[in-house]
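What follows draws every value from the coordinates through simple rules; no lab data is involved. From a predicted model like this one, the values you see are computed outputs, not experimental measurements.
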Amino acid sequence: MAKKNGQATLKFEFGWKNWVPGRGFVQQKKNSGGGTRSYSVPHHATLDDCQDIAVNLFFPNGNSPVGPVEEMNIAMGNFSGEFIIFKRDEHQPFQFTAEKYQQITGLPVPRHNLLTRKQDHESEKEHSEDDFMTPTFEEKAASPRTTLSLLTKVTGLLEHQRSVKNILKT
């Protein structure tokens, strides 16, 4: 068990996937400001703490090759790039900690992915419907209906994650 500033820490890896219209979330390579970064995370670190670490790693001084952090929608994903979602147990939100995440994944060095998508409201109007029908992840969907269903679920999960974050902040 490592210690940082007198606190027990776990080694985590952080990656970054940015949304590309028509392709979904794409891994940012090292020469584009991405790559994989190792960081010692306190055992009790929350998902927000991990997100702050990732933002500081990939957006030094608030900027990156894809733009400033203020112009991005940000979420955290697991090693596969899937959104990390909280589940409720008996009306209590699941309290994310780095230690619990490591136990759940069973990985000696867990990986988080910073998921970003530019807040570009003008160009969103110009995108074709096909851009939004493209699967988020590399796996291709069986049909546009399946993809629409997945997008609907992801939207619902994002809304749930926001509400859980608000609960955890209070």
## Note on the structure
Expected vector for region 54-70, Karplus 3J(HN,Hα) from phi with 6.51, -1.76, 1.60 and θ = phi - 60°, integer Hz, x for Gly and Pro, equals 4, 4, 5, 6, 9, 10, x, 6, x, 10, 8, x, 9, x, x, 4, 5
### For residue 34, residues with placed amide H under 5 Å, excluding near neighbours
29
#### Entry: Note, ³J(HN,Hα) from phi for region 41-51, Karplus 6.51, -1.76, 1.60, rounded to Hz, x at Gly and Pro
10, x, 3, 8, 4, 8, 5, 4, 4, 5, 5
### Message
Can you work out the Karplus-derived ³J(HN,Hα) for every residue in region 11-27? Use 6.51 cos²θ - 1.76 cosθ + 1.60 with θ = phi - 60°, whole Hz, and x for glycine or proline.
### Response
7, 10, 10, 10, x, 9, 10, 10, 6, 10, x, x, 10, x, 7, 10, 4
